[in-house]
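Following: one structure in structure tokens, then a few remarks.
The values are calculated or read from the model by the stated rules, or taken from the named source; none is laboratory data. Being a predicted model, the structure only gives us computed values, none of them experimental. Glycine gets a Cβ as well: all are built from the backbone with ideal geometry, and neighbour counts include every protein chain shown. With ligands, DNA and RNA removed, areas are computed over all heavy atoms of the protein, side chains included. Shrake-Rupley method; radii C 1.70, N 1.55, O 1.52, S 1.80 Å.
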Amino acid sequence: MNLTIIGTGYVGLVTGACFAERGNRVTCVDNDPAKLDVLRAGGVPIYEPGLERMVARNVDSGLLQFTDDVAAAVDGAQVVMIAVGTPPGEDGSADLTAVLAVARAIGAALTGYAVIVTKSTVPVGTADQVREAVQGALTRDVPFDVVSNPEFLKEGAAVEDFMRPDRVVVGTDSERARDVMSELYEPFSHVREKLIFMGIRESEMTKYAANAMLATKISFMNEIANLCERLGADVEAVRRGIGSDSRIGYSFIYPGIGYGGSCFPKDVKALVRTAKSVDFDAHVLNAVEARNELQKQRLVERIVEHFGDDLSGKTFGVWGLSFKPGTDDMREAPALVIIQGLTALGATVHAYDPVAMGEAKRDLQPLMDAGSVTLAAHQYDAAKGVDALILATEWNIFRQPDFDALKRLMAAPVIFDGRNQYNPERLRRRGFHYVGIGR
């Protein structure tokens with residue numbers, strides 16, 4: 001099948017590479033010349049395990065191509081996917097400027113029937129706007145269908161998620177489009193049928209509801225952790241107790257310093273904004289967002305409890321900067337909030353991340369220029385001479401460090417564990433002062 005994907009960000013690039021891997025001819029469109037040069041050479045401008053090899057392999061085979069020519073890419077394509085960004089506006093709503101601009105460009109380029117797919121995360125009702133934009137830009141009488149096909153990709157495991165999906169949600173009211181999408185996704189349903197067809201608005205809502213549900217579990221567990229601290233209970237025991245209930249499960253009930261990334265914060269805000277637009281007060285979603293913002297400050301509060309609110313002359317090591325392991329994405333990362341909070345109180349920070357140092361240089365440059373933050377070359381360099389070590393991202397290399405070496409390196413043996421990765425009693429026996437979340 002001939003596919004065109006407009007947008008080579010995270011979703012567009014993973015989607016294009018994975019469809020090419022299954023034998024489709026895929027053309028990805030972007031307007032950034034520098035990015036196109038990297039992609040045409042088989043490189044990848046983002047960190048995602050397994051993606052670079054897949055892109056290089058399919059570029060070499062000719063199944064995956066990159067261009068800035070929308071008209072040439074759309075001409076002859078059976079499926080055209082819109083995978084451009086929908087950043088949050090000042091009011092939290094999703095900005096559809098790029099989506100609708102692409103829809104108009106597709107309409108102007110259509111020469112024959114195509115299924116136009118919204119892959120970007122978009123509010124309920126966007127497909128109607130896309131249809132109108134395409135229709136308004138048509139230069140001839142060409143049939144087309146608009147389909148909602150939201151992505152459910154986890155950063156750090158996106159290739160695996162796409163190649164072996166839990167489900168593929170498709171929203172359409174057209175039998176013709178349904179047949180095309182069934183054929184497109186047939187290679188991804190070897191073991192069982194993965195396709196779930198529904199109405200377009202239901203499909204658009206499913207994406208937001210899924211992310212909001214996961215964010216809710218995280219915020220709920222963080223609230224329970226904070227309550228455990230007040231009551232003298234250990235939230236890890238509570239987590240095991242409730243996670244063993246099959247109705248609840250263990251996923252997304254790990255207490256910590258809040259969620260970040262490109263999806264959960266943006267999508268919760270957008271859903272809250274959507275609720276407001278129809279005069280509905282989303283009490284639960286508002287609480288989820290509020291708890292998450294407060295949770296990002298929790299370790300700073302615990303540090304102030306230990307050291308006082310004047311951190312001048314204090315130095316802290318931070319392990320982990322990306323919002324989660326497996327990615328270099330630092331958007332809405334709790335580590336950023338912690339570092340900004342500490343430096344605002346006069347502290348100096350030495351930080352290290354195994355993957356996100358390039359992103360960190362951009363995000364932390366003002367603090368680096370001010371001398372408040374330095375980026376360490378190695379995880380143990382970040383611990384040299386520090387008054388306390390903070391675990392902000394639970395990368396595997398931080399899971400079992402040499403605690404004896406750490407104790408020798410640090411000015412004081414104090415650990416603030418933002419991900420509850422370490423055993424409090426074991427560390428205390430080794431002479432560390434340990435502070436976790438709800439421990």
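Some observations on this one:
- For GLY76, distant residues with modelled amide H under 5 Å away: THR111, GLY112
- C-alpha long axis of helix 51-61 to longest principal axis of the chain, angle in °: 30 degrees
- Radius ratio Rg over Rh of segment 334-439, counting only Cα atoms, Kirkwood formula for Rh: 0.95
- Taking Cα atoms only, the orientation of helix 200-231 departs from the longest principal axis of the chain by about 10 degrees.
- Over all orientations, segment 167-278 has a Cα convex hull whose mean projected area works out to 10.0 square nanometres.
- If you take the alpha carbon atoms of segment 1-59 and fit the smallest convex hull around them, that volume is 66 Å³ per residue.
- Rounded tilt (10° steps) of 298-307 against the dominant C-alpha axis of the chain: 20 degrees
- The 3J(HN,Hα) values that the Karplus relation (6.51, -1.76, 1.60; θ = phi - 60°) gives for segment 38-45 are, in residue order, 5, 5, 5, 8, x, x, 9, x Hz. Gly and Pro appear as x.
- Rounded to the nearest 10 Å², the accessible area of GLU183 at probe 1.4 Å: 110 Å²
- Of ALA133, ALA98, ALA290, the residue with the greatest mean-square motion in the GNM of the chain, using alpha carbon springs below 10 Å, is ALA290.
- Note on THR274: accessible area approximately 40 square angstrom, rounded to 10, probe 1.4 Å, nucleic acids and ligands left out.
- Partners for LYS384 among lysines (Cα-Cα distance below 16 Å; same-chain residues under 8 apart left out): LYS314, LYS407
- Less than 5 angstrom separates the built amide H of VAL318 from those of HIS350, ALA351, TYR352, ILE390, all sequence-distant by 5 or more or on a different chain.
- Using θ = phi - 60° and Karplus 6.51 cos²θ - 1.76 cosθ + 1.60, couplings along segment 341-353 (whole Hz; Gly, Pro as x): x, 5, 5, 5, 9, x, 7, 10, 10, 10, 10, 8, 9
- q = 0.20, 0.21, 0.23, 0.30 Å⁻¹, segment 350-410: log10 I(q)/I(0) [Debye, one scatterer per Cα]: -0.80, -0.88, -1.02, -1.39
- Summed over the residues of the chain and divided among them, the accessible surface reaches 44 Å² per residue at a probe radius of 1.4 Å.
- Listed residues LYS35, LYS296 arranged by accessible area, highest first, probe 1.4 Å: LYS35, LYS296
- In range of the label at GLU52: residues from segment 3-46 whose backbone nitrogen is under 15 Å from the point 7 Å along Cα→Cβ: 38-46
- The listed residues CYS18, CYS263 rank as CYS263, CYS18 when sorted by accessible area, largest first, using a 1.4 Å probe.
- The chain - share of DSSP beta bridges that are antiparallel (%, nearest 5): 5 percent
- Once divided by 2.2 N^0.38 Å, the Cα radius of gyration of the chain becomes 1.07.
- The accessible surface of the chain, taken with every protein chain in place and a 1.4 Å probe, is 50 percent carbon and sulfur.
- Reach of LYS119 by Cα under 27 Å, taken over lysines that are not fewer than 8 positions away in the same chain: LYS35, LYS154, LYS194, LYS207, LYS217, LYS266, LYS269, LYS276, LYS324
- Sparse-neighbourhood loop sites, GluC sites (Glu not before Pro) in segment 190-240 - DSSP loop, at most 10 other Cβ within 10 angstrom: none
- An ellipsoid equivalent to segment 1-100, defined through the eigenvalues of its Cα gyration tensor, has semi-axes of 23, 16, 12 Å when rounded to whole angstrom and sorted largest first.
- J(HN,Hα) series, segment 75-89, from Karplus relation 6.51 cos²θ - 1.76 cosθ + 1.60, nearest Hz, glycine and proline x: 4, x, 6, 7, 10, 10, 9, 9, 10, 8, x, 10, x, x, x
- Geometric extent, Cα atoms of segment 219-271 - Rg, Dmax (angstrom): 12.8, 37
- Report summary: the helix-based calculation at 222 nm, which adds -39500 (n - 2.57) for every DSSP H run with n ≥ 4 and divides by the residues of the chain, gives -13000 deg cm²/dmol.
- Solvent exposure, largest accessible area first (probe 1.4 Å, DNA, RNA and ligands not counted), of ARG291, ARG201: ARG201, ARG291
- Accessible area of VAL70 in the full protein assembly, 1.4 Å probe (Å², nearest 10): 40 Å²
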